[in-house]
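Taking it in order: structure first as structure tokens, then the write-up.
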Amino acid sequence: MPRADLRAVQEKRLAEAVERAYERSPFFRRRFEAAGLRPNEIATLDTLGALPPFRKSDLRRSEAEAPPIGDYRCVGFESAVRLATSTGTTGRPTFTLWTSNDRDLDYELGARYYWRQGYRPGQVVVNSHPGYLNGGPALLAGTMERLGMLPISVGPPETSAHAEQVLRTLEGIPIDQWALLTAGLARFREAAVRIGSRVELPLPVAVQDAPAPVVVQLQPLVVLTVSSASGPSAGSVSVSVAPDTSCVPLLVTTTV
């Protein structure tokens, strides 16, 4: 796409995002009014610097004053199709809500990412991403399905017995990829030795600790760290905005 056309698309989506945040989110409306801004004054990329910044503490305050999700979102529970939370390591877990359009956009962007990494339709992926309220397994599985891959969601091996059960279930299935954390890989490998499993497991690798899963490709061996953070808990955000999405990640301009 020519640079001028790209800029035109970016500025059109910026205007839509700013208007949506102003009209649907009391939190953003207050900040605009405090700064003496109207949405039509943020019309180009050159005017982005005028946007009032905010911090995680501001979102926390909003959640405390308008529990449980604050008033900084453009949609509420009634318009959401998925809910997940942050880990809560620095306080009360933060909710993230997805509309159906948010979810589909996540799947599409994820599928493009994995395609660039060499993933292809028809491959089989064991999805051992930790889950529950984190929401990661469902997003990863949906992304793999969008790409035409077969995800087998087994959950993290919380016990030795669970790891052994998973390996027995996977016996004979041709596995191309594993998506799991290093602690889970260690437990699976220990279980495989105990029961004499022939399931092909990734080689143990040293990976810097991170909240993201490690996606290990068997042939050739490739280790990728994939960020699963989204919403206001992300330190920095690059957003492709589409219509009718939640405004949680919009206009994030500062780190926490």
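Rule-based calculations on the coordinates, nothing more; no lab input. From a predicted model like this one, the values you see are computed outputs, not experimental measurements. Please note: Cβ atoms are built from the backbone with ideal geometry, for glycine as well, and neighbour counts cover all protein chains shown.
Note on the stretch 3-97: percent of Cα-Cα distances in each 5 Å bin, starting at 0 and stopping at the bin with the largest distance, equals 3, 12, 19, 20, 17, 15, 11, 4, 1. Using the basic label-point model (7 angstrom from Cα toward the beta carbon), what is the ALA186 to LEU83 distance in nanometres? Each label point is offset 7 Å from its Cα along the Cβ direction, giving 3.4 nm.
Can you give the local net charge around ARG73? Use residues other than it whose beta-carbon is closer than 12 angstrom to its beta-carbon, Lys and Arg +1, Asp and Glu -1. Summing Lys and Arg as +1 and Asp and Glu as -1 gives -2. Counting only Cβ charges, +1 for Lys and Arg and -1 for Asp and Glu, the dipole size of the stretch 3-97 around its Cα centre is about 280 debye. The length gained by stretching the chain between ASN101 and GLU200 to full extension, at 0.36 nm per residue less their Cα-Cα distance, is 32.0 nm. Centre-to-centre, using Cα atoms only, the stretch 3-60 and the stretch 65-93 are separated by 21 Å. Length gained on full extension, LEU109 to ARG92: 3.2 nm, using 0.36 nm per residue less the C-alpha separation. Each peptide in 54-64, 173-183 was scored by the mean count of other Cβ atoms within 10 Å over its residues; highest first, the order is 173-183, 54-64.
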